[in-house]
Amino acid sequence: GEDVEQSLFLSVREGDSSVINCTYTDSSSTYLYWYKQEPGAGLQLLTYIFSNMDMKQDQRLTVLLNKKDKHLSLRIADTQTGDSAIYFCAESPPGSSNTGKLIFGQGTTLQVKP
Amino acid sequence: DTGVSQNPRHKITKRGQNVTFRCDPISEHNRLYWYRQTLGQGPEFLTYFQNEAQLEKSRLLSDRFSAERPKGSFSTLEIQRTEQGDSAMYLCASSRLGGEQFFGPGTRLTVL
(Lines give C-alpha, C1' and ligand atoms only; values in the text may rest on other atoms or scores of the structure.)
Protein backbone atom coordinates (compact mmCIF):
# COMPACT_ATOMS: atom_id res chain seq x y z
CA GLY A 1 0.00 0.00 0.00
CA GLU A 2 0.91 3.64 -0.08
CA ASP A 3 2.05 5.14 3.20
CA VAL A 4 4.51 7.86 4.11
CA GLU A 5 5.65 8.35 7.72
CA GLN A 6 7.43 11.26 9.35
CA SER A 7 8.32 12.26 12.88
CA LEU A 8 6.03 15.03 14.04
CA PHE A 9 8.33 17.60 15.60
CA LEU A 10 11.93 18.80 15.51
CA SER A 11 13.47 21.67 17.47
CA VAL A 12 16.90 23.10 16.68
CA ARG A 13 18.91 26.20 17.48
CA GLU A 14 19.58 28.82 14.84
CA GLY A 15 22.78 28.00 12.97
CA ASP A 16 22.57 24.26 13.65
CA SER A 17 21.75 21.66 11.01
CA SER A 18 18.28 20.15 10.88
CA VAL A 19 17.61 16.64 9.66
CA ILE A 20 14.04 15.64 8.87
CA ASN A 21 13.38 11.98 8.20
CA CYS A 22 10.74 10.14 6.22
CA THR A 23 9.98 6.51 5.44
CA TYR A 24 7.83 5.33 2.60
CA THR A 25 6.40 1.97 1.70
CA ASP A 26 6.26 1.88 -2.07
CA SER A 27 9.71 1.01 -3.35
CA SER A 28 8.59 1.59 -6.91
CA SER A 29 8.02 5.31 -6.39
CA THR A 30 9.68 7.25 -9.15
CA TYR A 31 10.09 10.63 -7.48
CA LEU A 32 10.25 11.71 -3.85
CA TYR A 33 9.62 15.28 -2.80
CA TRP A 34 10.04 17.69 0.08
CA TYR A 35 7.48 20.47 0.50
CA LYS A 36 7.42 23.36 2.98
CA GLN A 37 4.23 24.84 4.41
CA GLU A 38 4.19 28.11 6.30
CA PRO A 39 1.11 29.39 8.18
CA GLY A 40 -1.46 30.86 5.83
CA ALA A 41 0.55 29.91 2.75
CA GLY A 42 0.30 27.15 0.20
CA LEU A 43 2.70 24.26 -0.07
CA GLN A 44 6.02 25.16 -1.64
CA LEU A 45 8.16 22.57 -3.39
CA LEU A 46 11.66 22.70 -1.90
CA THR A 47 13.38 19.91 -3.74
CA TYR A 48 12.87 16.46 -5.18
CA ILE A 49 14.95 13.41 -5.96
CA PHE A 50 14.59 10.80 -8.65
CA SER A 51 14.53 7.25 -7.36
CA ASN A 52 17.77 6.26 -9.09
CA MET A 53 19.73 8.89 -7.17
CA ASP A 54 21.27 8.57 -3.70
CA MET A 55 21.83 12.21 -2.94
CA LYS A 56 20.94 15.64 -4.19
CA GLN A 57 22.31 18.94 -2.94
CA ASP A 58 20.75 22.33 -3.53
CA GLN A 59 22.35 25.22 -1.63
CA ARG A 60 21.58 24.63 2.07
CA LEU A 61 19.44 21.57 1.34
CA THR A 62 20.73 18.02 1.04
CA VAL A 63 18.42 15.11 0.25
CA LEU A 64 19.56 11.56 0.97
CA LEU A 65 17.70 8.54 -0.36
CA ASN A 66 18.22 5.00 0.89
CA LYS A 67 16.09 2.85 -1.40
CA LYS A 68 16.91 -0.37 0.40
CA ASP A 69 15.51 0.96 3.67
CA LYS A 70 12.90 3.17 1.94
CA HIS A 71 14.23 6.13 3.89
CA LEU A 72 14.43 9.72 2.76
CA SER A 73 15.96 12.60 4.67
CA LEU A 74 16.22 16.35 4.27
CA ARG A 75 19.16 18.15 5.83
CA ILE A 76 19.01 21.92 6.19
CA ALA A 77 22.41 23.44 6.89
CA ASP A 78 22.77 26.62 8.97
CA THR A 79 19.08 26.59 9.93
CA GLN A 80 17.50 30.03 10.19
CA THR A 81 14.38 31.21 12.02
CA GLY A 82 12.78 31.66 8.61
CA ASP A 83 13.05 27.91 8.12
CA SER A 84 10.44 27.36 10.86
CA ALA A 85 7.56 25.64 9.10
CA ILE A 86 5.97 22.25 8.50
CA TYR A 87 7.91 20.01 6.12
CA PHE A 88 6.15 17.31 4.14
CA CYS A 89 7.68 14.33 2.45
CA ALA A 90 5.72 13.09 -0.58
CA GLU A 91 6.03 10.25 -3.03
CA SER A 92 4.79 9.77 -6.53
CA PRO A 93 3.79 6.10 -6.52
CA PRO A 94 3.93 3.90 -9.62
CA GLY A 95 1.02 4.35 -11.91
CA SER A 96 0.80 7.95 -10.88
CA SER A 97 3.86 9.03 -12.84
CA ASN A 98 1.39 9.81 -15.60
CA THR A 99 -1.10 11.54 -13.32
CA GLY A 100 1.20 13.38 -10.94
CA LYS A 101 -0.82 12.26 -7.92
CA LEU A 102 1.17 12.73 -4.69
CA ILE A 103 1.03 10.81 -1.42
CA PHE A 104 2.08 12.98 1.53
CA GLY A 105 3.37 12.22 4.98
CA GLN A 106 1.77 13.86 8.00
CA GLY A 107 4.41 16.56 8.18
CA THR A 108 7.26 17.47 10.54
CA THR A 109 7.02 20.77 12.39
CA LEU A 110 10.45 22.40 12.52
CA GLN A 111 10.94 24.91 15.31
CA VAL A 112 14.06 27.05 15.11
CA LYS A 113 15.06 28.76 18.33
CA PRO A 114 17.14 31.96 18.15
CA ASP B 1 1.97 34.62 -13.63
CA THR B 2 -0.02 35.25 -10.49
CA GLY B 3 0.06 31.68 -9.19
CA VAL B 4 -2.82 29.44 -8.21
CA SER B 5 -5.69 31.27 -6.55
CA GLN B 6 -8.54 29.85 -4.51
CA ASN B 7 -11.78 31.43 -3.37
CA PRO B 8 -13.06 31.85 -0.81
CA ARG B 9 -10.14 31.60 1.61
CA HIS B 10 -12.44 30.77 4.48
CA LYS B 11 -15.95 29.35 4.57
CA ILE B 12 -18.09 28.71 7.61
CA THR B 13 -21.30 26.83 7.04
CA LYS B 14 -23.93 24.92 8.95
CA ARG B 15 -24.22 21.18 8.70
CA GLY B 16 -26.43 20.15 5.83
CA GLN B 17 -25.69 23.16 3.64
CA ASN B 18 -24.02 22.98 0.24
CA VAL B 19 -20.74 24.78 -0.42
CA THR B 20 -18.74 25.47 -3.58
CA PHE B 21 -15.08 26.39 -3.85
CA ARG B 22 -13.26 27.75 -6.85
CA CYS B 23 -9.70 27.25 -8.04
CA ASP B 24 -8.00 29.29 -10.75
CA PRO B 25 -4.84 27.52 -11.89
CA ILE B 26 -1.77 29.00 -13.54
CA SER B 27 -2.98 29.82 -17.02
CA GLU B 28 -0.89 27.49 -19.16
CA HIS B 29 -1.21 24.50 -16.82
CA ASN B 30 -3.38 21.72 -18.18
CA ARG B 31 -3.45 19.61 -15.01
CA LEU B 32 -5.42 20.58 -11.93
CA TYR B 33 -5.54 18.71 -8.61
CA TRP B 34 -7.69 18.86 -5.50
CA TYR B 35 -6.37 17.74 -2.11
CA ARG B 36 -7.85 17.83 1.38
CA GLN B 37 -5.78 18.55 4.47
CA THR B 38 -7.08 18.02 7.99
CA LEU B 39 -5.40 19.42 11.09
CA GLY B 40 -2.08 17.76 11.82
CA GLN B 41 -2.10 15.71 8.63
CA GLY B 42 -0.60 15.96 5.21
CA PRO B 43 -2.70 16.66 2.11
CA GLU B 44 -4.74 13.75 0.76
CA PHE B 45 -5.41 13.43 -2.94
CA LEU B 46 -9.06 13.85 -3.94
CA THR B 47 -9.17 14.14 -7.73
CA TYR B 48 -7.42 15.53 -10.76
CA PHE B 49 -8.21 16.91 -14.20
CA GLN B 50 -6.27 16.96 -17.40
CA ASN B 51 -7.79 19.82 -19.34
CA GLU B 52 -11.54 19.39 -18.82
CA ALA B 53 -11.46 15.63 -18.24
CA GLN B 54 -11.62 14.28 -14.69
CA LEU B 55 -9.25 11.33 -14.90
CA GLU B 56 -8.99 10.02 -11.35
CA LYS B 57 -11.05 10.21 -8.18
CA SER B 58 -10.02 9.05 -4.73
CA ARG B 59 -12.29 6.81 -2.68
CA LEU B 60 -12.28 9.76 -0.24
CA LEU B 61 -14.49 11.60 -2.73
CA SER B 62 -17.93 10.46 -1.61
CA ASP B 63 -21.01 11.00 -3.74
CA ARG B 64 -21.61 14.26 -1.86
CA PHE B 65 -18.52 15.70 -3.53
CA SER B 66 -18.39 16.77 -7.15
CA ALA B 67 -15.69 18.58 -9.07
CA GLU B 68 -15.82 20.18 -12.48
CA ARG B 69 -13.48 21.92 -14.84
CA PRO B 70 -15.86 22.84 -17.65
CA LYS B 71 -13.53 24.71 -20.00
CA GLY B 72 -10.24 23.29 -18.88
CA SER B 73 -9.38 26.44 -16.97
CA PHE B 74 -10.85 27.11 -13.51
CA SER B 75 -12.33 24.32 -11.43
CA THR B 76 -15.05 24.11 -8.80
CA LEU B 77 -15.42 21.65 -5.95
CA GLU B 78 -18.91 21.30 -4.50
CA ILE B 79 -19.80 19.55 -1.28
CA GLN B 80 -23.49 18.80 -0.78
CA ARG B 81 -25.14 18.24 2.60
CA THR B 82 -21.96 19.14 4.48
CA GLU B 83 -21.02 17.18 7.59
CA GLN B 84 -18.74 18.19 10.44
CA GLY B 85 -16.19 15.68 9.18
CA ASP B 86 -15.86 17.73 6.01
CA SER B 87 -14.13 20.51 7.99
CA ALA B 88 -10.66 20.77 6.49
CA MET B 89 -8.41 22.83 4.26
CA TYR B 90 -9.12 22.17 0.58
CA LEU B 91 -6.04 22.68 -1.55
CA CYS B 92 -5.83 23.10 -5.29
CA ALA B 93 -2.68 22.62 -7.35
CA SER B 94 -1.87 22.90 -11.01
CA SER B 95 0.93 21.73 -13.23
CA ARG B 96 2.08 21.24 -16.79
CA LEU B 97 2.22 17.65 -17.99
CA GLY B 98 4.92 15.96 -15.90
CA GLY B 99 5.82 19.22 -14.21
CA GLU B 100 5.96 20.54 -10.67
CA GLN B 101 2.66 21.03 -8.87
CA PHE B 102 2.09 24.60 -7.71
CA PHE B 103 -0.30 24.86 -4.79
CA GLY B 104 -2.82 27.56 -3.98
CA PRO B 105 -3.30 28.96 -0.47
CA GLY B 106 -6.32 26.74 0.16
CA THR B 107 -9.91 27.21 1.29
CA ARG B 108 -10.50 26.51 4.95
CA LEU B 109 -13.96 25.00 5.51
CA THR B 110 -15.57 24.94 8.94
CA VAL B 111 -18.82 23.04 9.29
CA LEU B 112 -20.75 23.90 12.45
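The values are calculated or read from the model by the stated rules, or taken from the named source; none is laboratory data. Given the structure is predicted, the values throughout are model-derived calculations rather than measurements. All Cβ positions, glycine included, derive from the backbone under ideal geometry; neighbour counts span all protein chains shown.
Here are a few things to note about the model shown:
- Meets criteria (within 20 Å of residue A:43 (Cα to Cα) and away from chain A (no Cβ under 14 Å)) for residue B:83: no
Yes/no matrix, rows are residues, columns are (1) in contact with a helix residue (DSSP H, G or I) (Cβ under 6 Å, 6 or more places away or on another chain); (2) hydrophobic (A, V, I, L, M, F, W, C); (3) free of Cβ contacts under 8 Å to residues at least 12 places away in the same chain:
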site: A:38; (1), (2), (3): no, no, no
site: A:53; (1), (2), (3): no, yes, no
site: A:59; (1), (2), (3): no, no, yes
site: A:77; (1), (2), (3): no, yes, no
site: A:87; (1), (2), (3): no, no, no
site: A:92; (1), (2), (3): no, no, no
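- Summed over the stretch A:29-46, the residues that are within 19 Å of residue A:101 (Cβ to Cβ), within 8 Å of chain B (Cβ to nearest Cβ) and part of a loop (DSSP other than H, G, I, E, B) give a count of 1.
- Residue A:56 being within 14 Å of chain B (Cβ to nearest Cβ) and basic (Lys, Arg): no
- Counting only residues that are surrounded by fewer than 14 Cβ atoms within 10 Å (Cβ to Cβ) and touching a helix residue (DSSP H, G or I) at 6+ places or on another chain (Cβ under 8 Å), the stretch B:92-111 holds 0 of them.
- In the set A:78, A:16, A:26, A:69, only one residue is touching a Pro at 6+ places or on another chain (Cβ under 6 Å) and either more than 12 Å from chain B (Cβ to nearest Cβ) or in a strand (DSSP E or B) (or both); that residue is A:26.
- Filter pass, residue B:45 being among the hydrophobic types (A, V, I, L, M, F, W, C), closer than 25 Å to residue A:87 by Cβ and either touching a Lys or Arg at 6+ places or on another chain (Cβ under 9 Å) or facing chain A (nearest Cβ under 9 Å) (or both): yes
- Counting only residues that are at the interface with chain A (Cβ under 7 Å from one of its Cβ atoms) and either touching a residue at least 12 places away in the same chain (Cβ under 8 Å) or assigned to a strand (DSSP E or B) (or both), the stretch B:92-107 holds 6 of them.
- Note on the stretch B:71-91: residues that are surrounded by fewer than 15 Cβ atoms within 10 Å (Cβ to Cβ) and in a helix (DSSP H, G or I) total 2.
- Entirely in the stretch B:3-70, the strands (runs of 3 or more DSSP E) that have 1 or more residues that are at pLDDT 95 or above, exposed (fewer than 13 other Cβ atoms within 10 Å of the Cβ) and more than 11 Å from the chain's Cα centre (by Cα): B:10-13
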